[in-house]
Amino acid sequence: ASDDLRRVTDLVYSTIQVYGMNSRVGQLAFPKDPNAMPGDKPYSDSTAEAMDEEARRIVDDMYTKTVELITLRKNEVQKVADLLLEKETITHDDIIDLVGP
């Protein structure tokens, strides 16, 4: 689970900082410089704060949507969980066979 959180955090910050895909921060790109010293950044503290707030908002919104989807599809989730308990490893085809496309 901790790796999942790290990956989500990296993805969200990349969409904001590297790809400029955030309306609040704007269409600006701040790619990470591997040669930069710790703490060096090409943007202001207020922009960093906005990035942090946007990242938190996006992750919180997606968490809420995920819980809603899991709740809505509880029967399908239970079928997949039962199959995982039975087989331990399942494939994409197993899921399609179980719950449909």
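The values are calculated or read from the model by the stated rules, or taken from the named source; none is laboratory data. Predicted, not measured: the structure shown is a model, and the values here were computed from it. For neighbour counting, all protein chains shown are included, and Cβ atoms are generated from backbone atoms with ideal geometry for every residue, glycine included. All accessible areas refer to the heavy atoms of the entire protein, side chains included, with ligands and DNA or RNA removed. Shrake-Rupley method; radii C 1.70, N 1.55, O 1.52, S 1.80 Å.
Specify, per residue and in Å³, the volume enclosed by the convex hull of the alpha carbon atoms belonging to the chain.
Roughly 152 Å³ of hull volume per residue.
Ranked by solvent-accessible area (1.4 Å probe, protein heavy atoms only, all chains present), the residues Met21, Met62 order from largest to smallest as Met21, Met62. The heavy atoms of Val77 offer some 70 square angstrom of accessible surface to a 1.4 angstrom probe.
Stretched out straight at 0.36 nm per residue, the stretch from Ile70 to Met21 would grow longer than its current Cα-Cα span by 15.0 nm.
The stretch between Gln78 and Asp10 holds 21.5 nm of extra length on full extension. This uses 0.36 nm per residue minus the Cα-Cα distance. The label point for Asp52 and the one for Leu28, both projected 7 Å from the Cα toward the Cβ, are 1.7 nm apart.
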